[in-house]
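The values are calculated or read from the model by the stated rules, or taken from the named source; none is laboratory data. These figures come from a predicted structure and were not determined experimentally. Heads up, the Cβs are rebuilt from the backbone with ideal geometry, glycines too, and the neighbour counts pull from every protein chain shown.
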């Protein structure tokens, strides 16, 4: 499975504040995992955000020969990459990914020199809403921050004494 560790200081600080205030983050993590899946679906629908590089002539010829071109760059078959997206959440993490062997190659790209079985270099066609450096797409970052703040607000309203404790000296 492809794993990208998110190192986003502002988001991590916000989630840490929520955890300190309310304890159980599993419901929030489940919401974040669902949002990551939704943002991933948007990326497939829009052929990436930003848009994926065009396919090479060799690839379009191979796809046309098998009846898969013209078509979408990221979705060749019904049982392909888009259909393989799964999520997982627990009390401290939210995960979105794919178990397809070529998933990492699509997300990060690869060069034929490193992968001799390829018929050419593969540019990164990011379908996950995060890049190789762990930077979220702006839409995804905002959506997750909104979820976190909404969750914190709901918890504060349902248990104000737990979320709004005065500092001790």
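A few notes on this one:
- Meets criteria (at pLDDT below 85, exposed (fewer than 14 other Cβ atoms within 10 Å of the Cβ) and more than 12 Å from the chain's Cα centre (by Cα)) for residue 75: no
- Considered as a group, the residues in region 43-62 that are modelled with pLDDT of 80 or more and in a helix (DSSP H, G or I) include one that is farthest from residue 83 (Cα to Cα), and that residue is 61.
- Of all residues in region 124-151, those satisfying the criterion of being assigned to a helix (DSSP H, G or I), over 15 Å from residue 39 (Cβ atoms) and out of contact with any helix residue (DSSP H, G or I) (no Cβ under 6 Å at 6 or more places or on another chain) are 149, 150.
- Residue in region 11-31 that is over 13 Å from residue 92 (Cα atoms), out of contact with any strand residue (DSSP E or B) (no Cβ under 7 Å at 6 or more places or on another chain) and either modelled with pLDDT of 85 or more or not in a helix (DSSP H, G or I) (or both) present: no
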